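Encoded as structure tokens, the structure appears first; notes follow it.
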Amino acid sequence: MGGSRLAGLRANPFWTPRRFDDEATHRRSSPDMSRPRKAEPLRTSTSRTAGRKLISVAAVSVALVAGMTSSVAVAQTPSGKADAAPAAAGATEAAPGTVAERLIVGYKSGAAEAESNKAADADAAAKGKEAGETLDFERRLGSGAALVDLGEDLSKTDVADVIAEYRADPQVAYVVPDRLNKALATPNDTEYSKQWDLYESTAGMNVPTAWDTATGSGVTVAVIDTGYVAHSDLAANIVTGYDFIADTAVSNDGNGRDSNPADPGDWTATNECADDWEATTSSWHGTHVAGTIAAVTNNSKGVAGIAYGAKVSPLRVLGKCGGYDSDIIDAITWASGGTVSGVPANTNVAKVINMSLGGGGACTTATQSAINAAVNRGTTVVVAAGNSNANAANYSPASCANVISVAATNRAGARSYYSNFGSVVDIAAPGGETRTTASGGILSTLNTGTAGPSGETYDYYQGTSMAAPHIAGLAALVKSANSALTPAQIESAIKTNSRALPGACSGGCGAGLADAAKTVQAVSGGSGGGSTGGTTFTNATAVAIPDNSSAIESSISVTGRTGNAPSALQVGVDITHTYRGDLVLDLVAPDGSTYRLKASGSDSADNVKTTYSVNASSETANGTWKLRVQDVASQDTGTLNSWKLTF
């Protein structure tokens, strides 16, 4: 099989199954550049009355059964007199930070209001008049208490005044706010406790609190991968996809393109893909990725998906030995609502694309064009950074512009030993490490078949293939929380609201470790301290960069801000250059302090089109900021096309 037509395929999944210590994908022979390139997977081996504002809170004060919706009545024992005056803000709130809109009033036995709705209504009107508000008796509760509507836009002081009127009435046994209760975020999935990547404080992505605001409902995520093998913990969230593999030698299902994205398995024999190829069993890679994004949750089984309210459209592009760029480009186009000749129109257009795949070499114009078109159609594209412990600038699609390129972190919050790194990486997310213990990996949906499909199961994998779907899931949560956001705004929000890596990352892991709760709260207007990163200042005046010469500078005047710059100031750079390793980039703050964005090196790729994250929290936001660019070696020139600061 040494001369197999499948030898030298270009890109594969970035993953590592738990049974391997190192990268599962073996060394391939150099691709035949006269043929289409191939790609590899990247894993290493409650509604309110019309006219009212919707109350949304992240914390409640009663205990509920985990993962179940419940109606909770406030149980109190009537006493000889009404409750004492409110002693805390909570006595006037429906939930922390949210003013009550209704009161539950319990009358003493024998009071006319305890039996007569008309009397309770008259009493509400009278007490409202005394407090200067308009109150309405809404209904009688099963407990016999009266539910009283407080009207619109009351302050805590207004509510306190009404409560005081009721408490001054000797016929009132108790009066309490109608509190808002929510199902606790912790799901009841049986393997959830093993999903450290979602909830652990050290290096988890802080997902459960985000579920208080969004679950991904209304968003479709296209998983461009190996397809989907049936799994009961995923089936309810799978929608129509497509098999884009045109080459029957790769497809392994006996035919070319068709509407069935089922994964038949991607097992290989010795030397089937290259002369030094070792036999592999089927990975079920796409199903593992899909489970991380949108496994069915709160179903008392298996794992929880990050965006469990979202839907997954499986698009099959990877088969035996990998998959071709040409198929991937068509899948990107179709997933985002574009037209592909010979393929029916997509009825489940994705607002998020996940590509846990890639191969060596910088992003090609063909792939970049497809990505640009997808983003222009409103689809956020998330890609894995790669598993070669190398500069992601030399891998595709990790090095493409207009994507969110994701590095992998381990359970301690450091860059995983296999993860690629560098200036093109945008963000880090849990990808795991299984070389010491399997439970250090990412647990998700899988199949037991070594060749064709067999029984469903769950297992740990590691890889940037596992990190990317964490960000794709987060992007779905963000889009669900605020459907008006563009892909650029979604990327900015994820990066701006990340936190510093708990561990080390040599080479650069982007803005930091993604924080789902902070990001979702920010875009939905919540009080979680996040920032949408929506205020951007840009200089689009082109400046030539001379060869091996003194530095050039471009200025941006920032006004209208208060206080200091953020701890994750986003610096977007667009430079065309024929050898970017020659370039040194610095951000210069208004007080003259400099922040190194990029050092010179041996990176022979073209152009610098990326976003850097700078901790500028010690700098005053307002003032003149400068980007300083210098070419420090001979023979190559370029142009600073534009740059921007996003606060």
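Numerical summary
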item	result
Single condition G132 does not satisfy, out of (1) at negative phi; (2) at pLDDT 90 or above	(1)
Extreme residue, surrounded by the fewest Cβ atoms within 10 Å (Cβ to Cβ), among residues of segment 200-215 that are over 15 Å from P187 (Cβ atoms) and of a type in the set (S, T, Y)	S201
Residue in segment 294-313 that is part of a strand (DSSP E or B) and of a type in the set (S, T, N, Q) present	yes
A203 over 18 Å from M466 (Cα atoms), part of a loop (DSSP other than H, G, I, E, B) and touching a Pro at 6+ places or on another chain (Cβ under 8 Å)	no
Segment 371-395, residues that are of a type in the set (S, T, Y) and within 22 Å of V340 (Cα to Cα)	T379, T380
Within segment 272-329, considering residues that are touching a strand residue (DSSP E or B) at 6+ places or on another chain (Cβ under 9 Å), among the charged types (D, E, K, R) and at pLDDT 95 or above, the one most open to solvent (accessible area, probe 1.4 Å)	K311
Odd one out for I104, checked against (1) under 30 Å from D212 (Cα atoms); (2) surrounded by fewer than 15 Cβ atoms within 10 Å (Cβ to Cβ)	(2)
Any hit, segment 239-255, residues being acidic (D, E), out of contact with any His (no Cβ under 8 Å at 6 or more places or on another chain) and either closer than 22 Å to T380 by Cα or assigned to a helix (DSSP H, G or I) (or both)	yes
Test: residue in segment 271-294 that is over 30 Å from S439 (Cβ atoms), among the small types (G, A, S) and touching a Ser or Thr at 6+ places or on another chain (Cβ under 9 Å)	yes
Which numbered condition V99 misses (of (1) surrounded by 18 or more Cβ atoms within 10 Å (Cβ to Cβ); (2) modelled with pLDDT of 90 or more; (3) of a type in the set (V, I, T))	(2)
Looking only at segment 407-422, and only at residues there that are out of contact with any helix residue (DSSP H, G or I) (no Cβ under 7 Å at 6 or more places or on another chain) and aromatic (F, W, Y), the one that is nearest to A390 (Cα to Cα)	Y418
Output for segment 550-569, where each listed residue is modelled with pLDDT of 80 or more and either open to solvent by 60 Å² or more (accessible area, probe 1.4 Å) or on the phi > 0 side of the Ramachandran plot (or both)	S550, E553, S557, T559, N564
Failed condition for A393, given (1) open to solvent by less than 20 Å² (accessible area, probe 1.4 Å); (2) of a type in the set (A, V, I, L, M); (3) not in a helix (DSSP H, G or I)	(3)
Unique residue being part of a loop (DSSP other than H, G, I, E, B) and touching a Ser or Thr at 6+ places or on another chain (Cβ under 8 Å) when the list is D574, D547	D547
Count of residues meeting criterion [under 16 Å from T594 (Cβ atoms) and surrounded by fewer than 20 Cβ atoms within 10 Å (Cβ to Cβ)] in segment 632-647	1
Checklist (1) within 16 Å of I552 (Cβ to Cβ); (2) open to solvent by 50 Å² or more (accessible area, probe 1.4 Å) applied to D606, failing item	(1)
Segment 236-293, residues that are among the aromatic types (F, W, Y) and under 28 Å from the mean Cα position of the chain (by Cα)	Y242, F244, W284
Some residue of segment 617-624 being modelled with pLDDT of 95 or more, of a type in the set (S, T, Y) and surrounded by fewer than 16 Cβ atoms within 10 Å (Cβ to Cβ)	yes
Those residues of segment 121-161 which are touching a helix residue (DSSP H, G or I) at 6+ places or on another chain (Cβ under 7 Å), farther than 18 Å from Y174 by Cα and β-branched (V, I, T), in sequence order	T134
Output for segment 444-489, where each listed residue is hydrophobic (A, V, I, L, M, F, W, C) and modelled with pLDDT under 95	A481, A484, L485, A488
Test for V629: is it over 21 Å from G560 (Cα atoms), over 27 Å from the mean Cα position of the chain (by Cα) and surrounded by 19 or more Cβ atoms within 10 Å (Cβ to Cβ)	yes
Evaluation of D197 against (1) open to solvent by 50 Å² or more (accessible area, probe 1.4 Å); (2) in a helix (DSSP H, G or I); (3) of a type in the set (D, E) (one fails), failing number	(1)
Y395 being under 16 Å from D225 (Cβ atoms), more than 20 Å from the chain's Cα centre (by Cα) and among the hydroxyl-bearing types (S, T, Y)	no
Identity of the residue in segment 256-271, part of a strand (DSSP E or B) and closer than 24 Å to G455 by Cα, that ends up least open to solvent (accessible area, probe 1.4 Å)	T268
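The values are calculated or read from the model by the stated rules, or taken from the named source; none is laboratory data. Owing to the predicted nature of the structure, the values given are computational and were not obtained by experimental measurement. Note that each Cβ is placed from the backbone with ideal geometry, even for glycine, and that neighbours are counted across all protein chains shown. Keep in mind that these areas ignore ligands, DNA and RNA; they rest on the heavy atoms of the full protein, side chains included. Shrake-Rupley method; radii C 1.70, N 1.55, O 1.52, S 1.80 Å.
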